[in-house]
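J.: My questions all concern the structure below.
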Amino acid sequence: MNTMWKGFWAAAALCAATAAVAAVQPQAAGSRREPQFENAEVRVWKSVIMPNQPLSLHRHEHGRTIVALKGGTLDVVDAKGMTKQKMVWETGKAYWLDADPPGTQHADLNKGTEPMEVILVELQNDMKK
């Protein structure tokens with residue numbers, strides 16, 4: 001095998017090894033939403049809320065169920081960072097939250113010392129007719 005092909009195969013092996021390592025490395029360390037599933041009926045995502053790293057301002061147009069994979073106390077804060085509500089979610093428990101009031105936004109802030117992880121199942125067709 002000539003030198004050019006050896007170099008090509010060595011580079012290909014290095015690329016494959018790099019991709020394999022990247023696939024098993026942990027996700028970003030910050031608070032985030034990880035989409036899980038979506039169809040015409042529901043949208044499902046996992047939220048990881050790191051201590052003192054709030055999720056960005058957002059709103060929920062639909063009702064949703066929250067399943068706490070790793071519970072804690074969550075502060076629901078407004079755009080100025082003022083706590084509007086505190087929610088205590090126990091690990092392994094499920095909770096219901098209604099749609100947000102019109103014209104409002106909030107961020108989710110974990111003031112604890114451990115990350116919180118929740119699965120959200122948001123209805124898509126819950127609007128009253």
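The values are calculated or read from the model by the stated rules, or taken from the named source; none is laboratory data. What you see is a predicted model; the values in this text were computed from it and never measured. Positions of Cβ are backbone-derived with ideal geometry, glycine not excepted, and every protein chain shown enters the neighbour counts.
J.: What number of residues in the stretch 73-90 are of a type in the set (Ser, Thr, Tyr) and under 14 Å from Ile49 (Cα atoms)? Outline the logic, then answer.
T.: So the first thing to find is which residues in the stretch 73-90 are of a type in the set (Ser, Thr, Tyr), and the list is 73, 83.
Narrowing further to those that are under 14 Å from Ile49 (Cα atoms): 73.
Qualifying residue count, the stretch 73-90: 1.
J.: For the stretch 35-56, which positions are in a loop (DSSP other than H, G, I, E, B) and surrounded by 13 or more Cβ atoms within 10 Å (Cβ to Cβ)?
T.: Let us first name the residues in the stretch 35-56 that are in a loop (DSSP other than H, G, I, E, B), namely 39-41, 50, 52-56.
Hits for the stretch 35-56 are Met50, Gln53, Pro54, Leu55.
J.: Scan the stretch 94-110 residue by residue and report those that are surrounded by 11 or more Cβ atoms within 10 Å (Cβ to Cβ), among the acidic types (Asp, Glu) and over 13 Å from Val48 (Cα atoms).
T.: Taking the stretch 94-110 and keeping what is surrounded by 11 or more Cβ atoms within 10 Å (Cβ to Cβ), we get 94-95, 97, 99-100, 104-110.
Narrowing the set further to residues that are among the acidic types (Asp, Glu) leaves 100, 108.
The one that is surrounded by 11 or more Cβ atoms within 10 Å (Cβ to Cβ), among the acidic types (Asp, Glu) and over 13 Å from Val48 (Cα atoms): Asp100.
J.: Restricting attention to the stretch 116-128, which residues are of a type outside the set (D, E, K, R) and assigned to a loop (DSSP other than H, G, I, E, B)? Break it down into steps so the answer makes sense when it comes.
T.: Of the stretch 116-128, the ones of a type outside the set (D, E, K, R) are 116, 118-121, 123-125, 127.
Scanning the stretch 116-128 gives Gln124, Asn125, Met127.
J.: Criterion first (exposed (fewer than 15 other Cβ atoms within 10 Å of the Cβ), out of contact with any Asp or Glu (no Cβ under 6 Å at 6 or more places or on another chain) and either in a loop (DSSP other than H, G, I, E, B) or at pLDDT 95 or above (or both)) does Ala10 satisfy it? Outline the logic, then answer.
T.: Values: exposed (fewer than 15 other Cβ atoms within 10 Å of the Cβ): yes; out of contact with any Asp or Glu (no Cβ under 6 Å at 6 or more places or on another chain): yes; either in a loop (DSSP other than H, G, I, E, B) or at pLDDT 95 or above (or both): no.
Taking the combined requirement at face value, the residue does not satisfy it.
J.: Only residues that are of a type in the set (Gly, Ala, Ser) and outside any strand (DSSP E or B): list them for the stretch 94-110, please.
T.: To start, the set of residues in the stretch 94-110 that are of a type in the set (Gly, Ala, Ser) comprises 94, 99, 103, 107.
Across the stretch 94-110, the qualifying residues are Ala99, Gly103.
J.: Quick test for you: out of Thr73, Thr91, Thr65, Thr113, pick the one residue that is at pLDDT 95 or above, surrounded by 10 or more Cβ atoms within 10 Å (Cβ to Cβ) and either more than 18 Å from the chain's Cα centre (by Cα) or in a loop (DSSP other than H, G, I, E, B) (or both).
T.: Matching residue, one of Thr73, Thr91, Thr65, Thr113: Thr91.
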